[in-house]
Amino acid sequence: MYERILETAKWLQTKMPTHPETAIILGTGLGELSKEIEKEVIIPYEEIPNFPVSTVEGHAGCLIFGKLGGKDILAMEGRFHYYEGYSMKEVTFPIRVMHEIGIKTLFVSNAAGGTNPQFGIGDLMIITDQINFMPENPLRGANIPQGPRFPDMGHAYDPELIALADEIAAEKNILVRHGVYLATQGPTYETPAEYRMFAKWGGDAVGMSTVPEVIVARHCGIRCFGMSIITDLGGMAEVVKITHEDVQKAAKEAQPRMTEIMREMIARS
Ligand code: HPA
């Protein structure tokens with residue numbers, strides 16, 4: 001496994017026009033940010049040795065090397081989800097490669113269902129901590145020597161980056177919530193009983209991504225910042241039907257606010 005990570009990193013190093021220390025996973029809500037990247041090199045995942053192969057038709061995505069706000073960055077357009085059938089090792093393989101090529105800070109976004117009764121649809125939530133309710137930990141198995149066997153998870157999300165996000169949101173007059181992101185394996189949305197249970201456990205939002213990537217990033221010593229768009233609400237008094245289309249619609253509406261905060265954070269961090 002480690003050999004394959006090193007091999008991929010070595011291959012990428014021959015293609016990299018710059019040496020970015022910042023990476024962004026362009027999850028839900030950050031699609032527009034991609035348009036603002038001055039792209040220098042775009043590499044489809046299919047061309048990258050050892051990268052997971054797409055489980056669905058069409059291409060899974062690409063790595064983009066370029067500049068955002070004058071800063072060298074690496075962006076992942078398209079991510080691998082556990083519910084698509086990828087193993088945890090596949091889902092997190094790109095993060096391990098990022099570490100080898102010198103990435104120090106990772107920005108992630110996602111769409112999530114709000115379980116905190118104070119939240120509304122379209123709210124932005126700065127992720128302050130996470131709960132891994134996926135069936136597996138991506139570090140299971142022989143320890144990959146990029147970090148310790150038993151990594152500390154005390155600051156899964158970097159407190160300084162959270163403070164910076166609060167500062168930027170206040171300057172721009174954008175309302176942001178704080179909360180704990182809980183990840184399930186999906187692909188079902190939650191039953192009302194599950195939403196209520198997750199709220200009791202301390203989750204403020206529930207989704208199907210991010211947690212494996214952040215576990216592996218922390219294993220490698222990469223600092224993380226994440227934001228969720230609250231696209232639907234669960235566990236409240238009445239049962240509300242959720243569709244993927246509703247989630248996409250709410251995410252689209254919130255996208256400009258998320259993009260504004262992330263763009264500024266990347267420029268200043
Ligand atoms: N649950 C899980 N994942 C999600 C949700 C949800 O309610 N909304 C968007 N992604």
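The values are calculated or read from the model by the stated rules, or taken from the named source; none is laboratory data. Quantities reported herein were computed from a predicted structural model and do not represent experimental measurements. Cβ: placed from backbone, ideal geometry, glycine included. Neighbour counts: every protein chain shown. Side chains are part of the model used for accessible areas, which takes the heavy atoms of the whole protein and leaves out ligands, DNA and RNA. Shrake-Rupley method; radii C 1.70, N 1.55, O 1.52, S 1.80 Å.
Could you please give the count of residues in the range 89-107 that are buried (at least 23 other Cβ atoms within 10 Å of the Cβ) and part of a strand (DSSP E or B)?
Of the residues in the range 89-107, 2 are buried (at least 23 other Cβ atoms within 10 Å of the Cβ) and part of a strand (DSSP E or B).
For the range 1-22, what are the residues that are open to solvent by less than 50 Å² (accessible area, probe 1.4 Å) and either assigned to a loop (DSSP other than H, G, I, E, B) or farther than 30 Å from Glu253 by Cβ (or both)? Please lay out each step first, then the result.
Looking only at the range 1-22, we keep the residues that are open to solvent by less than 50 Å² (accessible area, probe 1.4 Å), and these are 5, 8-9, 12, 16, 18, 20, 22.
Passing the criteria: Ile5, Thr8, Ala9, Leu12, Met16, Thr18, Pro20.
Would you pick out the residues in the range 23-33 that are outside any loop (DSSP other than H, G, I, E, B) and open to solvent by less than 10 Å² (accessible area, probe 1.4 Å)?
Going residue by residue through the range 23-33, those that are outside any loop (DSSP other than H, G, I, E, B) are 23-25, 31-33.
Within the range 23-33, Ala23, Ile24, Ile25, Leu33 meet the criteria.
Where in the range 183-269 are there helices (runs of 4 or more DSSP H), lying fully within it, with 1 or more residues that are among the acidic types (Asp, Glu) and touching a residue at least 60 places away in the same chain (Cβ under 8 Å)?
Numbers: elements: 192-201, 211-219, 244-268.
Fully inside the range 183-269 and qualifying: 211-219, 244-268.
Any idea which of (1) within 21 Å of Thr22 (Cα to Cα); (2) part of a loop (DSSP other than H, G, I, E, B) is the one Asn137 doesn't satisfy?
With (1) within 21 Å of Thr22 (Cα to Cα); (2) part of a loop (DSSP other than H, G, I, E, B) applied to Asn137, the lone miss is (1).
Pairs needed: first member in the range 11-36, in contact (Cβ under 8 Å) with a residue 12 or more places away in the chain; second member anywhere, open to solvent by 70 Å² or more (accessible area, probe 1.4 Å); C-beta distance under 8 Å; at least 6 residues apart or different chains.
Listed by first residue and then by second, the contacts come to Pro17/Glu40; Thr18/Glu40; Glu21/Lys104; Thr22/Lys104; Thr28/Gln248; Glu32/Pro256; Leu33/Arg263; Glu36/Arg263.
Would you pick out the residues in the range 199-255 that are at positive phi and either out of contact with any Gly (no Cβ under 9 Å at 6 or more places or on another chain) or within 14 Å of the ligand (Cβ to nearest atom) (or both)? Even if it seems obvious, please write down each step before you answer.
Step one: filter the range 199-255 for residues at positive phi, giving 202, 210, 221, 235.
Within the range 199-255, Gly202, Thr210, Gly235 meet the criteria.
Within the range 67-88, work out how many residues are in a strand (DSSP E or B) and charged (D, E, K, R).
Quick first cut of the range 67-88, residues in a strand (DSSP E or B) only: 67-68, 71-77.
Now narrow it down to the ones that are charged (D, E, K, R): 67, 71-72, 77.
Adding up the residues that qualify gives 4.
Do we find a residue being more than 12 Å from Ser228 (Cα to Cα), assigned to a loop (DSSP other than H, G, I, E, B) and acidic (Asp, Glu) anywhere in the range 149-158?
From the range 149-158, those more than 12 Å from Ser228 (Cα to Cα) are 149-158; that's our starting set.
Cutting the leftovers down to assigned to a loop (DSSP other than H, G, I, E, B) gives us 149-158.
From what's left, acidic (Asp, Glu): 152, 158.
Yes - at least one qualifying residue is present in the range 149-158.
Taking the range 99-158 as the region of interest, how many residues are within 16 Å of the ligand (Cβ to nearest atom) and under 30 Å from Gln13 (Cα atoms)?
3
Among the residues of the range 177-198, how many are open to solvent by less than 40 Å² (accessible area, probe 1.4 Å) and within 13 Å of the ligand (Cβ to nearest atom)?
Of all residues in the range 177-198, those open to solvent by less than 40 Å² (accessible area, probe 1.4 Å) come to 179-184, 186, 190, 195, 198.
Those left that are additionally within 13 Å of the ligand (Cβ to nearest atom): 181-184, 186, 190, 195, 198.
Result for the range 177-198: 8.
One line per residue, one yes/no per condition, for (1) within 19 Å of the chain's Cα centre (by Cα); (2) surrounded by 22 or more Cβ atoms within 10 Å (Cβ to Cβ):
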{"site": "Asp158", "(1), (2)": "yes, no"}
{"site": "Ala205", "(1), (2)": "yes, yes"}
{"site": "Ile222", "(1), (2)": "yes, yes"}
{"site": "Glu245", "(1), (2)": "no, no"}
